[in-house]
1. Please find, within region 25-43, the residue that is nearest to the chain's Cα centre (by Cα) out of those that are at pLDDT 90 or above and open to solvent by 80 Å² or more (accessible area, probe 1.4 Å).
2. Hey, can you tell me all the residues within region 8-37 that are small (Gly, Ala, Ser) and in a helix (DSSP H, G or I)?
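The values are calculated or read from the model by the stated rules, or taken from the named source; none is laboratory data. As the structure is a computational prediction, the values presented were derived from the model and not from experiment. Heavy atoms of the whole protein, side chains included, go into the accessibility calculation; ligands, DNA and RNA do not. Shrake-Rupley method; radii C 1.70, N 1.55, O 1.52, S 1.80 Å.
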Amino acid sequence: MTPDPIVLDPEVEVHRASELLRGLSIGCFPVVAGTALVGIVTTSDLLEALAGYEIGQSDGRSSTRLSTYE
């Protein structure tokens, strides 16, 4: 287990999360609200979210924040 993992807040923007994944060359981030693990976001999750956002097929989701995709 990683002693001090890099975690994301549920309100981080999808584009920011994708920049971090790419910049750090990792495949996923735990998503933490306060002290509770609320999910894990993967490269595949972000590709799906970004693709839907870019072509206007975000399933009615108007936000680009991770919490929208829970």
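1. Ile40
2. Ala17, Ser18, Gly23, listed by residue number.
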